[in-house]
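Here's the structure, in structure tokens; my notes come after.
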2 protein chains.
Amino acid sequence: MSATVHHLRPSDQPSLDPLMALVSADMHRVNEVILARMQSDVPLIPELAGHLIAGGGKRMRPMLTLASARLLDYSGARHHKLAAAVEFIHTATLLHDDVVDMSGLRRGKRTANMIWGNSASVLVGDFLFSRSFELMVEDGSLRVLRILSQASAIIAEGEVNQLTAQRRIDTSEARYLDIIGAKTAALFAAACRIAAVVAERPTAEEEALDAYGRNLGIAFQLVDDAIDYASDGATMGKDAGDDFRDGKVTLPVILAHARGSAIDKTFWQDAMEGRRASDDDLVHAKTLLDRTGAVADTLGRARHYGRLAIDALAGFPGGQAKAALIEAVEFAVARAY
Amino acid sequence: MSATVHHLRPSDQPSLDPLMALVSADMHRVNEVILARMQSDVPLIPELAGHLIAGGGKRMRPMLTLASARLLDYSGARHHKLAAAVEFIHTATLLHDDVVDMSGLRRGKRTANMIWGNSASVLVGDFLFSRSFELMVEDGSLRVLRILSQASAIIAEGEVNQLTAQRRIDTSEARYLDIIGAKTAALFAAACRIAAVVAERPTAEEEALDAYGRNLGIAFQLVDDAIDYASDGATMGKDAGDDFRDGKVTLPVILAHARGSAIDKTFWQDAMEGRRASDDDLVHAKTLLDRTGAVADTLGRARHYGRLAIDALAGFPGGQAKAALIEAVEFAVARAY
């Protein structure tokens, strides 16, 4: 199924290793900034923030900032602070997401809201969000501030949009794409784009990196939404079927509903509206998803956006950084296989 | 009791009318910015934000920005956008506060979280917070961005500090002052201070306005915390006794506990830890507060900070703006009488 994606190393499974190797020295500096700036005289703040920040996330977004800077041969140090700012925005979003979704598990660990309560998660999220702006202000680029404040507003807009689409089986694929474009892809795009700003590159390169990040982010979320119907909690660190039980109308559901019989359509509507949320219902849902090819086609859409991401890099010179960024896309779209 | 506060018009009750009259034309512009910038393609955002923003708040913080700018004879228009940014930060904080406190009533109206749910309140708060930074970025002053991003981080820190002090009768007056200095006074201070930045005044004037706002904010919160034991929901738009039932250890409680007998101390500990939260318990609490002079002395502390606020204005020339800012302090400390 992954044959349509261009592999640089077709014999291997694509992995994030080249990206992680590329940025490991820089990431060490970013982690120092993250650790220093999540401190506070109020002990609950580093305690709660540390739980999530040390909790095994891949640091995908700051890695993209660092790798994009490498792609542009940027030799300064401004991107360390800004990559930390990006990760703080992401962490704040996760803390608030877990409150919104009433999640119990993230990356295989109990979520902060389960341990410290919703209130602490909301407020520590606010703290990290404010800290991210403090980091950007210290950097001093109004252009970076504009990019990341706009991305933050778009993320929140996307989350509210998702909330109001929840349990609505009539959500269109276009609206779903709007939602994931905002809640996920906007920060991927901004994380890449700001590297071009600090490297003082022309707008065309800013836009190319924005397009790379945005399409990667969409592919990434599409695969995440497919995985929710494929994984089990033990292997993926996420409760499989969470989206199903929460009535989140993701693309697999949209496709299966559109392609289903009248009886199937009723099942999906009942399921999304919370009247069919048992384990048996989830098994039945997976059967319908298989029969309609809905998960496979969701992954097909992901490969499409993955190709757009790779094509966006066409104008940049080849080398280690470009290869790592391309393989990151291949990894993102291959995760579910 | 208010005799120790210097009244400009001793025959009248101090009011906010002079402040509101001073800034009414400017506030009209600020309201236009607020209305324009709370819009979104996601309808729930303006709906929910509008509920709170149109919900009868005094717009105290943006009024302070506008009045401070008038005090400095600032003749530009930058303060309109920045005052809106300040109000957005405040509104985002209120939305999150209501989730944290599980409030049901604010300013006599049902809170947004009661109508639309906690999730929507968290996310729309995030949206308004991001929008406030977009407004600041459009203004383009890194100095303003620094002041308001620091204030935002301090507010969140103060809220977490308050959360961890909740139900702890051993909270000291010093820690309580830290909490209200952060959660309330930091934004009052920043709201005033940024006026000196846009008016391009020397640091000493920035600091004087910061001190005015900070001390006014502390006085304001002290009186609010006293009112919680004096008002009823119908007159104050806030459920009287909320702090008592939530186990918020405010200064009236700290003083009454410190001055009480062993039996009284046990009562306060039981009350703050949630074992005495009935209406009868609240009546008994008010008796103890009266007997120990705890509410009266909380108001005394408020007058002290009010005097500091007024003294901070000493270096500025007299006139309509200064008189209005002084009367705002007198109003703040006289509200509970």
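The angle between the Cα long axis of helix A:320-334 and the longest principal axis of the Cα atoms of chain A comes to about 10 degrees, rounded to the nearest 10. Note on residue A:138 and residue B:47: with the Förster distance fixed at 41 Å, the Cβ-Cβ geometry gives a FRET efficiency of about 0.70. For the pair the stretch A:21-85 / the stretch A:258-281, the C-alpha centres are spaced 42 Å from each other.
Extending 7 Å from Cα along the Cβ direction at residue A:284 and again at residue B:284 yields two label points whose distance is 5.5 nm. Can you tell me, using C-alpha contacts under 8 Å and at least 6 residues apart, the relative contact order of the stretch B:57-111 as a whole percent? It comes to 33 percent, rounded to a whole number. For the set B:276, A:106, the ranking by accessible area, highest first and with no ligand, DNA or RNA atoms included, is B:276, A:106 under a 1.4 Å probe. Protection proxy ranking for A:185-194, A:70-79, using the average of other Cβ atoms within 10 Å per residue and placing the highest first: A:185-194, A:70-79.
With a cut-off of 12 Å between beta carbons, the residues surrounding residue A:74 carry a summed charge of -1, where Lys and Arg count +1 and Asp and Glu -1.
Working note: Cα gyration tensor of the protein assembly as shown, eigenvalues times five, square-rooted, sorted largest first, giving semi-axes of 47, 30, 22 Å. Over all other residues within a Cβ to Cβ distance under 14 Å of residue B:216, the charged ones net out to +4, with Lys and Arg as +1 and Asp and Glu as -1. Between 0 and 90 degrees, the angle of helix B:118-139 with respect to the longest Cα principal axis of chain B falls at about 30 degrees. Under the simplified labelling scheme, the residue A:170-residue A:242 pair shows an inter-label distance of 2.9 nm, with each label point 7 Å from Cα along Cα→Cβ. Between copies, the label points of residue B:265, set 7 Å from Cα on the Cα→Cβ line, lie 7.2 nm apart, reported in increasing order to one decimal in nanometres.
For the stretch A:1-152, calculate the relative contact order in percent as a whole number, restricting contacts to Cα pairs under 8 Å that are 6 or more residues apart.
Values: 131 pairs, mean separation 35.4, N = 152.
Relative contact order here is 23 percent.
Relative to the longest principal axis of the Cα atoms of chain A, the long axis of helix A:186-198 lies at roughly 10 degrees.
Between residue B:263 and residue B:275, the simple spin-label model (points 7 angstrom out along Cα→Cβ) gives 1.7 nm. A 1.4 Å probe, protein heavy atoms only, puts the accessible area of residue B:38 near 10 Å².
For the stretch B:125-177 and the stretch A:167-196, what is the separation of their C-alpha centers, rounded to whole Å? So the separation of the two Cα centres works out to 28 Å.
Averaged over peptide B:264-274, the number of partner chain Cβ atoms lying within 10 Å of each residue's Cβ comes to 0. Counting only protein chain heavy atoms and rolling a 1.4 Å probe, the accessible areas of B:121, A:119 rank, largest first, as A:119, B:121. Peptide B:92-102 has a mean of 3 when you count, residue by residue, the C-beta atoms of other protein chains within 10 Å of its C-beta.
Counting partner chain Cβ atoms within 10 Å of every residue's Cβ in B:129-140, what's the average?
On the way: counts 9, 13, 6, 3, 13, 6, 1, 5, 11, 3, 1, 3.
Other-chain Cβ atoms within 10 Å of each residue's Cβ, averaged: 6.
Could you tell me the total accessible area buried at the B-A interface, probe 1.4 Å, in square angstrom to the nearest hundred? Each step should come with its number before you reach the end.
Values: alone 14200 and 14230 Å², together 25120 Å².
Result for this pair: about 3300 Å² buried.
With contacts taken as Cα pairs under 8 Å and at least 6 residues apart, the stretch A:2-334 reaches a relative contact order of 23 percent. When the pairs B:109/B:322; B:109/B:183; B:109/B:248 are compared against a 29 Å limit on Cα-Cα distance, B:109/B:322 fall above it. Take residue B:105, push a point 7 Å out from Cα through the beta-carbon direction, and compare it with the same point in every other copy: 4.3 nm, smallest first. Taking a straight line from the alpha carbon of residue A:81, these aspartates and glutamates sit under 16 Å away, with near neighbours fewer than eight places off in the same chain left out: A:26, A:32, A:134, A:138, A:139.
The values are calculated or read from the model by the stated rules, or taken from the named source; none is laboratory data. Keep in mind that this is a model prediction, so the values were computed, not measured. Don't worry about glycine lacking a Cβ; one is built from the backbone with ideal geometry, like all the others, and counts go over all protein chains shown. For the accessible areas, the whole protein counts, side chains as well, though only heavy atoms, and no ligand, DNA or RNA atoms are used. Shrake-Rupley method; radii C 1.70, N 1.55, O 1.52, S 1.80 Å.
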